[in-house]
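Visitor: Below you will find the structure I want to go over with you.
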Amino acid sequence: MAKDTAAAYRNQVIYSVFVRNHTPEGTFEGVRRDLPRIQALGADIIWLLPIHPIGETARKGTLGSPYAISDYRAVNPEYGTLEDFRRLVEEIHALGMKCIIDVVYHHTSPDSLLAREHPHWFYRREDGSFGNKVGDWSDIIDLDYRDRALWEYQIETLCYWAGMVDGFRCDVAPLVPLEFWREARARVEKIRPGCLWLAETVDPGFIRSIREAGFGCLSDCQVFEAFDLSYEYDVYPLFRDYLAGKIPLARYAEALDQQEVLYPQNYVKLRFLENHDKPRAAFLLPNGAALRNWTAFLFFQKGTTLLYAGQEAGCTHLPSLFDRDPVDWSGPDLSPLFRRLCALKKHPLLAEGSYRVKALPGEVLCAACRGKNRQLLGVFSLRGEPVCVPVYIRDGEYENLLGGTVQVEDCLVRCGGEPLIFEVGLD
């Protein structure tokens, strides 16, 4: 892992925004007006999905994917001007938050500026035409990092944006050479000390398929050599398999537990229930109590918490990436729960403690963050049902940090169906 990655990232909350669909007008200014509400929720970092112009050739939908970029050094005129973008970032900073932007360096739109001016920087099929290595990405063409001139252009671009923003979320980072990311990190650090690097890593099946096709694809362990944070796609498929009834809860818990020994001691995973590529949590978890327990567990996990705009409104619909599809903010207001969880996320043990999680009977996850003298315990009833579970701590009454109290009798705790998080001493 990046040697200078701070454990404090585990106390952070990232709030993801797709400018086009965040407000009815779909502009930088629309997002800027919503910043006080986002800051009050408890977000530390605003992540803006790609802000650049979108290609017109082979567009998907009516407006095209923001990940089919035509010019890395400009902003999408549909969102506003560069000055509008600067004003948005300045306001984010004024409210005590940071801003990161999406970096899509594996591919461009077929009609991109680079495709026109530097066609030799692109991957070619056997017939010499532009192409891509992932078949369903029909609206993009892949870059070829064997040309060092491309490295220089891309790093110069990162340095340009680093003069404005605080970090980068890097799309399909494993498909770009590790040495490029190492060099980019070192160069950007001179412009923006402490720049945050978030890698969108990929699931094991994707890694296997790309490698079997004869192409390079970095593992999570490799990515951690250059990045501060990586996605948890190594375990997300198990989360979905559990919800679908394909595997027992213990299989998912064991995979989470294994991360503590698979990755460097200062590893930071991006924890999420949903994102712009995956279904909404409220869609997957229609039971309100179950959703609240999974949400509390999300914040309790070791890593940085990701919220996708609209999650706090219980949205069930995932906005389209290809059309105007504004977030529906009229759903149930879960903001009070999110505000409490964002505040809880700052607890020191969530950053510095050792982490263990196990599955208990009754579809319950029990997790612990242990320090030298104290530990933080979490009990999460994933069906949202009352259950009694063993916890090997001293009997007594404890404060539930989410409200109310926790009663432990004969090393048993009764969970009424709502999440329990409480701190206890170590004997």
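Visitor: Given a Förster distance of 41 Å, report the FRET efficiency between T157 and D127 from their Cβ-Cβ distance, rounded to the nearest 0.05.
Guide: Plugging the Cβ-Cβ distance into 1/(1 + (r/R0)^6) gives 0.85.
Visitor: Counting only pairs 8 or more places apart or on different chains, how many lysine pairs in the chain have C-alpha atoms closer than 22 Å?
Guide: 28
Visitor: Mind giving me the nanometre distance, one decimal, between the label points for R87 and D328, set 7 Å out from Cα along Cα→Cβ?
Guide: A separation of 3.2 nm, rounded to one decimal place.
Visitor: Now for a separate question. Working out 0.36 nm times the residue gap between R37 and A244, then minus their Cα-Cα distance, what length gain in nm do you get to one decimal?
Guide: Difference between extended and current length: 71.1 nm.
Visitor: Rounded to the nearest percent, how much of the accessible area of the stretch 47-102 (1.4 Å probe, protein heavy atoms only) is carbon and sulfur?
Guide: With neighbouring chains kept in place, the figure for the stretch 47-102 is 49 percent.
Visitor: Pick from A94, A115, A226: which is most flexible by mean-square fluctuation in a GNM of the chain where alpha carbon atoms under 10 Å apart are linked?
Guide: Result: A94 has the largest fluctuation of those listed.
Visitor: Which entry in (i) 19.0; (ii) 26.5; (iii) 20.2 is this structure's computed mean projected area of the Cα convex hull in nm²?
Guide: (iii)
Visitor: Report, in debye and to the nearest 20, how large the dipole of the chain comes out about its Cα centre when Lys and Arg carry +1 and Asp and Glu carry -1 on their Cβ.
Guide: Around 620 debye, computed over the chain.
Visitor: Follow-up question, since we're still on this one. Put +1 on the Cβ of every Lys and Arg and -1 on every Asp and Glu Cβ in the chain; which of L143, Y392, Y153 then has its Cα farthest towards the positive end of the dipole?
Guide: Positive-most Cα among the choices belongs to Y392.
Visitor: To continue, here is another question. So if I average 1/r over every pair of distinct C-alpha atoms in the stretch 1-103 and take the inverse, what Kirkwood radius in Å does that give?
Guide: Across the stretch 1-103, the inverse of the average 1/r is 14.7 Å.
Visitor: Jot down the radius of gyration and Dmax of the stretch 145-221, Cα atoms only, both in angstrom.
Guide: Considering the stretch 145-221 through its Cα atoms, Rg and Dmax are 13.5, 40 Å.
Visitor: For C221 paired with N373, estimate the spin-label separation in nm (one decimal), with each label point 7 Å from Cα along the Cα-to-Cβ line.
Guide: Here the answer is 3.8 nm between the modelled labels.
Visitor: At 0.36 nm per residue, minus the direct Cα-Cα distance, what do E29 and E56 gain on full extension? Give it in nm, one decimal, please.
Guide: Between E29 and E56, full extension yields an extra 7.3 nm.
Visitor: With a 1.4 Å probe and all protein chains left in place, how much accessible area per residue does the stretch 355-412 have, in Å²?
Guide: 53 Å²
Visitor: Going toward the positive end of the dipole of the chain, with +1 on Lys and Arg Cβ and -1 on Asp and Glu Cβ, which of Y15, V134, Q301 do you reach last?
Guide: It is Q301.
Visitor: Let me ask something else. May I ask you to derive the relative contact order of the chain, considering only C-alpha pairs under 8 Å and at least 6 residues apart, and to give it as an integer percent?
Guide: In percent, rounded to a whole number, it is 16.
Visitor: OK, next. If each of A6 and L412 carries a label point 7 Å out from its Cα toward its Cβ, how far apart are those two points in nm?
Guide: Spacing of the two 7 Å Cα→Cβ label points: 4.6 nm.
Visitor: Which shape class, rounded, prolate or oblate, goes with the stretch 310-427 when its Cα gyration tensor gives a ≥ b ≥ c as root eigenvalues, a/c under 1.5 marks rounded, and past that a/b bigger than b/c marks prolate?
Guide: It is prolate, given that a/c is not under 1.5 and a/b is the larger ratio.
Visitor: Got a sec? Charge dipole of the chain, +1 on Cβ for Lys and Arg, -1 for Asp and Glu; which of A282, G403, A313 is way out at the positive end?
Guide: G403
Visitor: Oh, and also: Run the paramagnetic zone check for H317: 7 angstrom along Cα to Cβ, then residues of the stretch 6-41 with backbone nitrogen under 14 Å.
Guide: 21-24
Visitor: Determine, from the Cβ-Cβ distance of D144 and R383 and an R0 of 60 Å, the FRET efficiency 1/(1 + (r/R0)^6), rounded to the nearest 0.05.
Guide: So the FRET efficiency works out to roughly 0.75.
Visitor: Keeping all protein chains in place, calculate the accessible area per residue for the stretch 57-140 (probe 1.4 angstrom), answer in Å².
Guide: With all protein chains present, the stretch 57-140 gives 45 Å² per residue.
Visitor: Using a cut-off of under 19 Å, list every residue of the stretch 356-373 whose amide N is near the label point 7 Å from the Cα of R394 along the Cα-to-beta-carbon line.
Guide: Within reach of a label on R394, which here means backbone N under 19 Å from a point 7 Å along Cα→Cβ, the stretch 356-373 contributes 369-373.
Visitor: Going 7 Å from the Cα of E78 toward and past its Cβ, which residues in the stretch 322-355 have a backbone nitrogen under 18 Å from where you end up?
Guide: Only 322-328 pass the distance filter.
The values are calculated or read from the model by the stated rules, or taken from the named source; none is laboratory data. Note that the structure is a prediction, hence the values are computed from the model and not measured. Methodologically, a virtual Cβ is constructed for each residue, glycine included, from the backbone with ideal geometry; neighbour enumeration extends over all protein chains shown. Just the protein is used for accessible areas: all its heavy atoms, side chains included, with ligands, DNA and RNA removed. Shrake-Rupley method; radii C 1.70, N 1.55, O 1.52, S 1.80 Å.
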